[in-house]
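Novice: So that we are looking at the same thing, I have put the structure below in structure tokens.
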Amino acid sequence: MATITNNSDCIFPASSVKLPLELVNKIFYHSLPPHFARRPSRALSPLSLCQVSRRWRTTARSMTDLWERLLLRQDPSQDTLTNAKKFTTASALWFEGRKGRTIDLQFDFDFDTWSYSPFNIQNLRNFVFPIAENVRDFCLEVNSEEQLADWSAAQTTGLNGLEAFSLSITERSTGLYSSFPILQHAPKLHILSLSIFGDPLYNPGYLLFPWMQITHLSLPHQTPFEGWHRVIRLCPRLEHCYVGFEDIGDDMDDDPPSPTDLEAVSLIALQTLTVGFHGTDFSPAVFAMVICPRSKSLSIVSEDLDAGFPRMQQPLDFYLRSASTLQSLRLTRQKITASNVLEVLRVASRLQDLFLDCRGDHDLLLSAMEINQNDGCEDINIDHDTLVPLLQTFTLRIAGPSTPYEDVGGNDPPTFSAYPYVAAVVSRWKQAVFHGGPFAGAELFVDDSHRNVRAQIDNMVAEYKTHGFIIRTNVITGIRGGEVASTRDDAWASWRLEHGLISV
């Protein structure tokens with residue numbers, strides 16, 4: 001946080017109270033709105049602070065942290081020319097306030113409206129570009145690749161401060177444009193999100209992007225399997241990745257690449273991978289010939305319980321066998337059987353955090369997760385047959401599909417009983433108490449149809465909770481959805497938060 005070295009005091013106009021300027025700095029900083037609302041408004045900090053008095057204005061203008069982020073959002077109540085003038089004035093104020101330091105700049109425009117206004121899309125391009133060198137975090141949405149090519153040509157200076165770049169194109173890729181030089185010189189860029197329709201590399205213009213230096217990559221949706229495999233083979237430094245797949249009809253790969261058609265790729269730096277599915281089954285092509293020797297976290301997120309987990313067992317085993325350091329596994333809204341999950345857990349022997357939101361025979365799975373015990377608690381030990389012996393936290397969500405079971409292939413509803421669950425989690429807790437095992441606690445979510453089971457579990461664990469056993473049980477109400485979108489957005493936000501590009 002910037003501080004004022006002047007030892008003088010600041011007088012609050014409404015009173016005779018004098019406060020040290022360092023305290024005023026903190027008050028000013030905490031008066032800022034959330035990062036997603038840092039728009040130029042006299043009703044919001046920092047502009048509101050500058051309206052109070054000359055001393056306040058001087059203090060606010062001297063605090064570079066107050067001007068670190070700017071969101072330029074179109075005001076629908078004003079015409080585009082008025083909006084443009086406000087944007088121009090605000091940009092000048094914020095860049096001046098940062099005094100040459102990096103700035104996070106975001107635009108939220110209705111491009112269709114701007115295209116048919118006196119301040120047309122060409123004028124808008126001239127306002128946006130060239131992007132200042134000290135912009136750290138830039139989000140850009142354009143209508144088409146033609147527009148992107150035109151705008152990119154206006155970037156006549158290098159983006160020396162750019163660390164995160166999000167590009168969204170509303171129209172489908174044509175593959176006609178061979179040059180998007182917007183990122184041609186961005187030596188610090190390492191966080192990239194591409195929200196486009198189709199294969200990111202179908203258009204050769206994207207090959208100019210600095211893939212070799214990308215450590216955080218988000219391909220939010222409608223990513224073809226072949227395009228996914230081509231991209232990851234360009235990113236040797238990739239550490240964290242989110243990729244989304246959707247069923248988009250005829251445009252989706254009819255025949256995803258076979259594992260035998262691909263060369264193995266070793267992503268030696270990859271630590272976390274999240275795969276999202278919306279309206280489509282998990283394809284074996286996702287993990288085909290992918291080796292991740294340092295992976296710590298794998299999340300597979302689906303929008304509905306009918307996503308085909310059985311189809312992914314073989315390639316997932318391949319991935320897990322290459323991930324000797326995998327510590328966290330999250331399978332959300334998957335159609336599973338106990339044998340599927342058991343095979344995966346036998347491979348992921350170093351797993352510490354497990355999150356399952358599935359359908360199938362949970363009783364069989366939970367019975368296998370129980371640690372063997374003899375007559376006394378002191379005899380509970382982990383042996384070579386124990387599943388995930390290093391498990392610390394276990395989260396389980398039990399919920400049936402929103403459609404009748406006979407409409408989804410005749411699958412049976414979830415099999416879930418109180419005793420197998422309690423036996424599994426309590427045996428691990430006892431092992432931790434008497435032998436210093438790793439298990440720390442459990443959390444359970446059930447739908448309305450399993451309220452009675454939840455009540456039985458609460459009664460069975462009540463005594464253990466008085467001795468320190470940590471378990472939380474919850475009832476899921478309403479229809480759940482948006483799992484893929486929320487996971488995608490959480491990943492993008494957490495990466496930028498981690499690198500100080502946004503604040504909480």
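The values are calculated or read from the model by the stated rules, or taken from the named source; none is laboratory data. Quick caveat, the model's predicted, so the values are computed rather than measured. With ideal geometry, Cβ positions are generated from the backbone for all residues, glycine too; neighbour counts draw on all protein chains shown. What goes into the accessible areas is simple: the full protein's heavy atoms, side chains included, and nothing from ligands, DNA or RNA. Shrake-Rupley method; radii C 1.70, N 1.55, O 1.52, S 1.80 Å.
Novice: With the crude spin-label approximation of a point 7 Å out along Cα→Cβ, what separation in nm comes out for Glu463 versus Asn143?
Specialist: 7.2
Novice: Moving on to the next point. Quick check: pseudo-label points 7 Å beyond the Cα along Cα→Cβ at Val347 and Ala92, how many nm apart are they?
Specialist: Simple spin-label model gives 6.1 nm for this pair.
Novice: While we're here: Going by amide H atoms built from the backbone, whose H comes under 5 Å of the H on Phe277, apart from near neighbours?
Specialist: Counting only residues 5 or more places away or on other chains, the set is Phe245, Val301, Ser302, Glu303.
Novice: Go through region 158-168 residue by residue and turn each phi into a ³J(HN,Hα) via Karplus (6.51, -1.76, 1.60, θ = phi - 60°); whole Hz please, and just put x for glycine and proline.
Specialist: With coefficients 6.51, -1.76 and 1.60, one gets x, 9, 5, x, 5, 10, 9, 9, 10, 10, 10 Hz.
Novice: Right, here's the next one. Under a crude label model (7 Å from the Cα following the beta-carbon direction), how far is Thr477 from Ala154 in nanometres?
Specialist: 5.1
Novice: Next question. How much length would be gained if the chain were fully extended between Asp261 and Thr415, taking 0.36 nm per residue of separation minus their Cα-Cα distance, in nm to one decimal?
Specialist: Result for the pair: 51.5 nm of gain on full extension.
Novice: Right, next: Which residues' amide hydrogens lie under 5 Å from the amide hydrogen of Ala348, considering only partners 5 or more residues apart or on another chain, with H built in the peptide plane?
Specialist: For Ala348, no residues qualify.
Novice: Under a Cβ-Cβ cut-off of 12 Å, what is the net charge of the residues other than Leu32 that fall near it, where Lys and Arg count +1 and Asp and Glu count -1?
Specialist: Computed value for this residue: +2.
Novice: Further question: Could you give me the ³J(HN,Hα) list for region 436-441, computed from phi with Karplus coefficients 6.51, -1.76, 1.60 and θ = phi - 60°, whole Hz, x at Gly and Pro?
Specialist: With coefficients 6.51, -1.76 and 1.60, one gets x, x, x, 5, 10, x Hz.
Novice: As a quick test, which of the pairs Lys99/Lys296; Lys296/Lys430; Lys26/Lys296 have an alpha carbon distance above 31 angstrom in this structure?
Specialist: Lys99/Lys296; Lys26/Lys296
Novice: If Lys86, Lys296 are ordered by their accessible area, calculated over protein heavy atoms with a 1.4 Å probe, which sequence runs from highest to lowest?
Specialist: Accessible-area ranking of Lys86, Lys296, largest first: Lys296, Lys86.
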